[in-house]
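Engineer: Dropping a structure here in structure tokens format, bear with me for questions.
Where a number appears in this text, it was derived from the coordinates with a stated rule and is not lab data. Values in this document were obtained by computation on a predicted structure and should not be read as measured data. Quick reminder, even Gly has a Cβ in these numbers, built from the backbone with ideal geometry, and neighbours come from all protein chains shown.
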Amino acid sequence: MRRIAIVLVSLVGLLAGLLITGCVPGASAEDRAADAALEKARRVGNVLYGSRSWSAQDMGHRAADLDEVDVMRVSGTKTGAPEGVVVVVRTSGTAAMDWPDTGTVTVKRCFELRFSPRTEWDDAPRKVSCPRGEPLRFKPWPKTPDIPSTRLEKVLPRVPAGGRADEAEVREAVASLRLDPAVRAEFDTQGSVVGLVLSVRPYKSGVLDCVLARVAPGRTDVWSPPRIQRTLGESGCSTANAINPMAPPH
């Protein structure tokens with residue numbers, strides 16, 4: 001009995017040591033590091049997964065913006081096309097060395113990510129040989145012009161109580177701002193009130209940047225609607241909302 005007890009204690013001690021060091025029989029430190037690199041690539045695929053169509057260069061650019069991700073190759077046209085887009089990424093993984101050694105092992109691996117109408121969430125990346133050369137470099141994303149809401153508020157006319165807003169004066173005030181051509185200006189008049197919208201869509205974004213203005217007798221207001229109202233398909237960035245503002249979302 002005593003011998004059996006000693007053997008059991010020894011087995012328990014061995015298992016505890018394996019758990020502490022993270023050593024699993026049959027899996028080397030390099031294998032575990034490679035698994036960590038694969039997991040990073042899988043997460044990259046999930047981050048880039050989406051229903052909207054993106055060009056191949058934009059998909060590569062999006063991947064390159066992520067931390068600890070090198071984009072080695074991009075092919076295809078756009079994600080909405082039948083053939084889709086292929087992005088080869090290089091990720092790294094780190095694992096503790098097997099006991100009794102100390103320190104860590106770091107490996108770099110390359111994986112192929114495919115994005116097409118047939119791509120599903122959490123698809124497993126395919127390991128490939130790393131292309132030669134340096135990671136791809138991408139130009140900065142197109143800059144979204146600012147809408148000068150403070151300057152707009154200063155130049156808009158003030159209409160005395162009992163008066164009537166003049167759309168021509170509002171248009172003249174906006175023209176004096178010399179806005180970036182990408183900023184769209186819309187005007188509308190209902191009764192004695194003029195509504196104004198200045199809007200621009202950031203590159204590939206589903207949410208507009210917009211500023212509304214309401215020029216009415218006795219009061220001129222300038223504001224930006226909540227994000228949910230600025231989403232494409234909503235009516236937050238409209239002259240109707242400028243003239244008769246919607247209630248804020250709950």
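Engineer: By how many degrees, between 0 and 90 and to the nearest 10, does the Cα long axis of helix 2-21 differ from the longest principal axis of the chain?
Structural biologist: The two axes meet at around 30 degrees.
Engineer: Another question about this same structure. Restricting to Cα pairs below 8 Å that are 6+ residues apart, what does the relative contact order work out to for the range 26-128? Please round to a whole percent.
Structural biologist: Computed value for the range 26-128: 33 percent relative contact order.
Engineer: Sticking with this one: Can you give me the angle between helix 29-48 and the longest principal axis of the chain, using Cα atoms only, in degrees from 0 to 90, rounded to the nearest 10?
Structural biologist: Taking the Cα atoms of the chain, the angle to 29-48 is about 20 degrees.
Engineer: Assuming 0.36 nm per residue, please report the length gained on full extension of the stretch T144 to R158 beyond their Cα-Cα distance.
Structural biologist: 2.1 nm
Engineer: Counting only C-alpha contacts under 8 Å and six or more residues apart, can you give the relative contact order of the chain as a whole percent?
Structural biologist: Relative contact order, the chain: 13 percent.
Engineer: Related question: With respect to the cross-link table entries K139/K204; K40/K143; K40/K78, which display a Cα-Cα separation exceeding 25 Å?
Structural biologist: Result: K40/K143 exceed 25 Å.
Engineer: So, counting K/R as plus one and D/E as minus one, what does the shell of residues with Cβ under 15 Å around V74 add up to?
Structural biologist: Local charge sum for V74: +1.
Engineer: Sticking with this one: Only Lys, Arg, Asp and Glu count, each charged at its Cβ (+1, +1, -1, -1), so figure out the dipole size of the range 26-128 about its Cα centre, rounded to 20 debye.
Structural biologist: Using only the charged Cβ atoms, the result is roughly 440 debye.
Engineer: Same structure, new question: Quote the Stokes-Einstein diffusion coefficient, in whole µm² s⁻¹, for the range 26-128, based on the Kirkwood radius over alpha carbon pairs, a temperature of 37 °C and a viscosity of 0.692 mPa s.
Structural biologist: Estimated diffusion coefficient is 232 µm²/s.
Engineer: Separate question: Got the relative contact order for the range 180-250 handy, in percent, Cα pairs under 8 Å and 6 or more residues apart?
Structural biologist: Relative contact order, the range 180-250: 27 percent.
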